[in-house]
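Below is one structure, written out as structure tokens; comments come after it.
The values are calculated or read from the model by the stated rules, or taken from the named source; none is laboratory data. Remember, it's a predicted structure, so these values are computed and weren't measured experimentally. Counting neighbours? That spans all protein chains shown, and the Cβs are built from the backbone with ideal geometry, glycine included. When the accessible area is computed, the model is the full protein with side chains, heavy atoms only, and any ligands, DNA or RNA have been set aside. Shrake-Rupley method; radii C 1.70, N 1.55, O 1.52, S 1.80 Å.
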Amino acid sequence: MSGGRGTGVLQSVERAMRVLDHIASANGPVQAKQVARELGLTLPTTYHLLTTLVTGGYLVHLADERAYALGHRVDDLARGLHRQIAAPPEVQRVATVIHREAQAAAYYAALRDAEMIVAHVAECPAHPRIRPLAVGFHQAPHATAFGKLMLARLPDDDRETLLEHTGTPAVTAGTVTDRGLLIRQLRQVRGTNLAVEVDEFQDGLSCMAAPVTDAAGRFVGAVAVSMPTTRLREDRWSVERAVRLGAVRATRAVALTTAARTGRLI
């Protein structure tokens, strides 16, 4: 197998991942000719990649439709991801307390390789989560409160590299898409240790997040809440108090969990 565009990248593996991503994003089964055309691959190469993914269980070949769809191994990967990112029980309990005190859906998002990924959600019928914000969600960091916390904490060069990759698309009419305005917003986030987004991720809903650190003071995640924008404006200070106190509790819980795992006192 030959090298790809980046150091250490195998071109055949990179192409297979592109094929898998393409089929995962489709609304239904996809034919090989369509995959080849839309990804700019030759048909023989496309069939080779598809066959490899079918053999591994990542795709299935639907003979009657002469098309390909996701296989069972993708679901296995999703379950494995959920196990690996699961918040410790102590942190989950903190999220439940925040949910109760703020009377809002509460989240714990963990930092994983320059991504903030939702690891736990505490919600109820009266205070449900924002629908896309399920465990595993990690998109649009410029438009989410916990994503803004991460961007504010990253070194300038790393932040610019990440934003070049993700872009700053408009998720709603209120999303901050101007890079200069976003940077000014992130400076404020860093100075206050609190991130707030108003109608940036979903119209009529807003989020607030505070950072969680480990025993060494390194940023490892965030606690956050979401609620109707009108309620955030009415109860801003009580909500902020619940979120900031929750961040302190979660920081303590992370430190205790790490100490228990490593056998080191804190």
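A compact table of results
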{"quantity": "Criterion violated by I183 - all others in (1) touching a strand residue (DSSP E or B) at 6+ places or on another chain (Cβ under 7 Å); (2) part of a helix (DSSP H, G or I); (3) among the hydrophobic types (A, V, I, L, M, F, W, C) satisfied", "calculated": "(1)"}
{"quantity": "Failed item, numbered, when L162 is tested on (1) open to solvent by 10 Å² or more (accessible area, probe 1.4 Å); (2) of a type in the set (A, V, I, L, M); (3) assigned to a helix (DSSP H, G or I); (4) without any contact (Cβ under 8 Å) to a residue 24 or more places away in the chain", "calculated": "(4)"}
{"quantity": "Failed condition for Q103, given (1) touching a Leu at 6+ places or on another chain (Cβ under 7 Å); (2) at pLDDT 95 or above; (3) farther than 16 Å from G221 by Cα", "calculated": "(1)"}
{"quantity": "Criterion: assigned to a helix (DSSP H, G or I), open to solvent by less than 70 Å² (accessible area, probe 1.4 Å) and under 24 Å from R112 (Cα atoms) - qualifying residue of V196, V254", "calculated": "V254"}
{"quantity": "Any pair with Cβ under 8 angstrom, 6 or more apart, that starts in the range 217-246 at a residue that is closer than 13 Å to S206 by Cα and ends at one that is assigned to a strand (DSSP E or B) and of a type in the set (D, E)", "calculated": "T229/D199"}
{"quantity": "Selection count where residues are more than 13 Å from L154 (Cα to Cα) and either open to solvent by less than 70 Å² (accessible area, probe 1.4 Å) or among the acidic types (D, E) (or both), scope the range 180-190", "calculated": "3"}
{"quantity": "Matching residues, the range 75-89, being surrounded by fewer than 17 Cβ atoms within 10 Å (Cβ to Cβ) and of a type outside the set (S, T, N, Q)", "calculated": "D75, D76, L77, A78, R79, G80, L81, H82, R83, A86, P89"}
{"quantity": "Test result for A215, surrounded by 15 or more Cβ atoms within 10 Å (Cβ to Cβ) and in a strand (DSSP E or B)", "calculated": "no"}
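This table checks each residue for (1) open to solvent by 70 Å² or more (accessible area, probe 1.4 Å); (2) touching a His at 6+ places or on another chain (Cβ under 8 Å); (3) polar (S, T, N, Q); (4) in a loop (DSSP other than H, G, I, E, B).
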site: D64; (1), (2), (3), (4): yes, no, no, yes
site: R73; (1), (2), (3), (4): yes, no, no, no
site: A95; (1), (2), (3), (4): no, yes, no, no
site: H120; (1), (2), (3), (4): no, no, no, no
site: R131; (1), (2), (3), (4): yes, no, no, yes
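This table checks each residue for (1) open to solvent by less than 40 Å² (accessible area, probe 1.4 Å); (2) basic (K, R); (3) part of a loop (DSSP other than H, G, I, E, B).
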site: R15; (1), (2), (3): no, yes, no
site: R18; (1), (2), (3): no, yes, no
site: A24; (1), (2), (3): no, no, no
site: K33; (1), (2), (3): no, yes, no
site: E38; (1), (2), (3): no, no, no
site: L41; (1), (2), (3): yes, no, yes
site: H48; (1), (2), (3): no, no, no
site: L53; (1), (2), (3): yes, no, no
site: V60; (1), (2), (3): no, no, no
